[in-house]
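As C-alpha cells, the structure follows; a few thoughts come after it.
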Amino acid sequence: MKYPSPCYILEEEKLQHNLEILNRVQKESGAWVLCALKGYAMWSSFPLVRQYLHSATASSLNEAKLCFEEMKSKAHLCAPIYTDNEIDDLLEISSHITFNSLNQWERFKEKTLSKGVSPALRINPQYSEVETDLYNPCVAGSRLGIIREQIGDKLPEGIEGLHSHTLCENDSYVLERTLEAVEERFGDLLHQVKWLNLGGGHHITREDYDVEHLISLLKKLRDKYNLQIILEPGEAVGWKTGFLTATIEDIIDSQGINVAMLDVSFSAHMPDCLEMPYKPEVRGALEPTNELPTYRLGGGTCLAGDFLGDYSFQQPLEVGQQIIFEDMIHYTMVKTTFFNGVKHPSISVIRNNGDFEIVREFEYEDYKNKLS
C-alpha cells in the first residue's frame, strides 16, 4: 500500500504489544508506569494507553491539561521551574509534583500542601551512563536535580517523594548501577519518603531488554525501603510502533553526491536525528556501499544542514518514490516544528484489524496560529 505523504503512521497492534509489556512490569513489580508526554503524546491513542498505564507525567501546564483531558487522570508533574501564574492551575489537575530545587519548594510548598498534592524533590546522584551531554542530566554543572550536600541529613518537612532521572535509552543493568549511586548518596533519605520516581530512559520494550531483571530490581527496592516505585518511560511506549512516510520530489547531483530531495525535513520533522545525532533506519535501505546505488537524503527546508546520509538501495531511486523512516512515533513526533512553513506530516493509524485511518491533518491555519 502507498500511504499519504508526508505522514506519521502508528501501528496500533505494535503499540498494544508495548503496553502489555509495561503493564506486566506494573503487575509483577508493584511499580506504577506512567506515560511521559514529552516522549509520547499521540492523544488519539490514549483510550488504549490508559487501559494499561497508571497515568502520565507532565513537564508543563499544557501537558498536564492533556493528561487530565485525554488520559482522564491527574498528572505527575516534573519540571525544572514552576511559575506564579501557572502553579494554581497545575495543582488543580495534578496528583504529584517534583521540585527541581529547594528554592522552588519553599516558594510553592504552602499552595502544594493545601491542595493535597504529593510533593517530591528531584535529586542528582551525580552518576549517569548517558554518553551524549545534551541528554545527560548529571554532567558537571547540571541545572537538573539537587545534590546530596544541598539537602543535609533530613528532608524538608512535607516532602513525600524523591525523583531521580538520569537514564536515556538504557537497560536494566545501567539502572542497577545507577541505583547503587542513588542508595550510596540518598539511601538514608529513602526511609523518609513514601515514593521514589526513577524517571524515564528505561528502554523496556526493546527486544533485548531484560524485563525479569528490571522486575527483580524494582521489587527489592520497594521492599527494602517500603516505597511506591514509579517509572515514567516515554520512548518505551512508542518504541517501534510506527513510521514516517516521505516522497522523493527531486534527485540532484551535488558535486558527485546523489541527493534525494524529500517532502519532509530532518530539522522540522525529525529533529532528534540532528540533535542526538543518529541515523534513522530507512525501510529497504542498506549501509552505503560502492556496489549499489547510493544517495544522501535531503530535507525540504532552507537549512543547509537539513540532510542525512548516506544510504544504498538495491535499485536506483526515482522521483515520486516513497521513502519510509522507521520508528518515528515517540520523541520525533512531539518535537516537530513548522519551520519554513513546510507542510507538516499528517497523523494516521493502522488499526488492529488492518484499517487505515487519518486522524489529523495540518493546514495553513495551524502554522499561522502558532505565530502572531
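Every read-out reported here was derived from the displayed coordinates using simple, explicitly stated rules and does not represent laboratory data. Model, not experiment: these values are computed from the prediction. We place every Cβ from the backbone using ideal geometry, glycine too, and count neighbours over all the protein chains shown.
Structural remarks
- Trypsin sites (Lys or Arg not before Pro) within the stretch 133-180: DSSP coil, no more than 13 neighbouring Cβ in 10 Å: ARG143, LYS154
- Gain on full stretching of the segment that runs from GLN16 to ASN340 - 0.36 nm per residue minus C-alpha separation: 113.1 nm
- Beta bridges per DSSP with both ends in the stretch 1-115, % antiparallel, nearest 5: 0 percent
- Debye log10 I(q)/I(0) at q = 0.15, 0.17, 0.20, 0.25 Å⁻¹ for the stretch 197-289, Cα point scatterers: -0.80, -0.93, -1.13, -1.45
- Beta bridges by DSSP in the chain, antiparallel share as percent, to the nearest 5: 40 percent
- Euclidean distance of C-alpha centroids, the stretch 77-96 and the stretch 1-75, integer Å: 21 Å
- Annotation for the stretch 183-233: GluC sites (Glu not before Pro) lying in DSSP loop with at most 12 further Cβ atoms inside 10 Å of their Cβ are GLU207.
- Top of ASN258, ASN85, ASN340 by mean-square fluctuation, Gaussian network on the chain, Cα under 10 Å: ASN85
- Per residue, the convex hull spanned by the Cα atoms of the chain measures out at 156 cubic angstrom.
- C-alpha center-to-center spacing [the stretch 231-294, the stretch 333-372] in angstrom: 18 Å
- Straightening the chain between ASP210 and LEU134 buys 24.7 nm, computed as 0.36 nm per residue apart minus the Cα-Cα spacing.
- Gyration tensor (Cα) of the stretch 132-208, equivalent ellipsoid semi-axes in angstrom: 24, 15, 11
- When each of LYS74/LYS154; LYS111/LYS194; LYS72/LYS279; LYS109/LYS154; LYS74/LYS220; LYS154/LYS194 is checked by Cα-Cα distance, pairs over 26 Å: LYS74/LYS154; LYS72/LYS279; LYS74/LYS220
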